[in-house]
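*Asks:* Can you keep this structure in mind? I'll have questions shortly.
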């Protein structure tokens, strides 16, 4: 418990509030790991820390990525609250990011990349809308070139991180 508390207190100094999203299975070895993670979170009583578990393989089986809306509904208020970092042209601070999302899974990090892509896309859309680059009723997907670039960047990110951690390329680049 001491190591868990110390780690998250150190991370809080750098990143502010943290929202941990566990994407592990809820059964077998992953289920036991997930249960321990939740147990440590609850025992830590850290007010700057939140935890959500989402059994990615169960919820998104058969490439049902539309079911990520279940997870998004649970965390959207916090993402809005954490904001993003932005300066105005004159150098004045417009918004300050106050928190981050930590995602974890087992093996090659595909689940993590899918969820981080979802969060990044939503935040980028908010920024583009705020600065009148896209309209408030539009998304990145409303612009074919922008959508293509975004997906390529995140697919490259998936491969790079997966190679670094697991020694293989990403498998779920169909989402990104």
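*Asks:* Please give the number of the condition residue 14 fails out of (1) under 18 Å from the mean Cα position of the chain (by Cα); (2) assigned to a helix (DSSP H, G or I); (3) surrounded by 15 or more Cβ atoms within 10 Å (Cβ to Cβ).
*Replies:* Here residue 14 meets the rest and fails (3).
*Asks:* Return only the number of the condition from (1) over 17 Å from the mean Cα position of the chain (by Cα); (2) outside any helix (DSSP H, G or I); (3) within 24 Å of residue 35 (Cα to Cα) that residue 165 does not satisfy.
*Replies:* (2)
*Asks:* Would you mention how many residues in the stretch 17-28 are assigned to a loop (DSSP other than H, G, I, E, B) and farther than 28 Å from residue 84 by Cα? Break it down stepwise before answering.
*Replies:* Here is the first cut: in the stretch 17-28, the ones assigned to a loop (DSSP other than H, G, I, E, B) are 23-27.
Narrowing further to those that are farther than 28 Å from residue 84 by Cα: 25-27.
The number of residues fulfilling the criteria is 3.
*Asks:* Is it the case, given these coordinates, that residue 97 is in contact (Cβ under 8 Å) with a residue 60 or more places away in the chain, exposed (fewer than 15 other Cβ atoms within 10 Å of the Cβ), touching a helix residue (DSSP H, G or I) at 6+ places or on another chain (Cβ under 8 Å) and not assigned by TED's automatic domain parsing to the domain that holds residue 114?
*Replies:* Details: in contact (Cβ under 8 Å) with a residue 60 or more places away in the chain: yes; exposed (fewer than 15 other Cβ atoms within 10 Å of the Cβ): yes; touching a helix residue (DSSP H, G or I) at 6+ places or on another chain (Cβ under 8 Å): yes; not assigned by TED's automatic domain parsing to the domain that holds residue 114: yes.
Here the answer is yes, as residue 97 does meet what is asked.
*Asks:* Scan the stretch 29-48 and tell me whether some residue there is in a loop (DSSP other than H, G, I, E, B) and closer than 25 Å to residue 161 by Cα.
*Replies:* Taking the stretch 29-48 and keeping what is in a loop (DSSP other than H, G, I, E, B), we get 45-48.
Applying the additional criterion that residues be closer than 25 Å to residue 161 by Cα yields none.
Within the stretch 29-48, not a single residue is in a loop (DSSP other than H, G, I, E, B) and closer than 25 Å to residue 161 by Cα.
*Asks:* Which of (1) within 17 Å of the chain's Cα centre (by Cα); (2) assigned to a helix (DSSP H, G or I) does residue 97 not meet, given it meets every other one?
*Replies:* Of everything listed in (1) within 17 Å of the chain's Cα centre (by Cα); (2) assigned to a helix (DSSP H, G or I), residue 97 misses just condition (2).
*Asks:* For the stretch 14-68, which positions are in contact (Cβ under 8 Å) with a residue 40 or more places away in the chain and on the phi > 0 side of the Ramachandran plot?
*Replies:* Once the filter is applied, which keeps residues that are in contact (Cβ under 8 Å) with a residue 40 or more places away in the chain and on the phi > 0 side of the Ramachandran plot, the stretch 14-68 yields 16, 63.
The values are calculated or read from the model by the stated rules, or taken from the named source; none is laboratory data. A quick note: this is a predicted structure, and the numbers were derived from the prediction, not measured. Here Cβ is always computed from backbone atoms with ideal geometry, including for glycine, and neighbour counts include all displayed protein chains.
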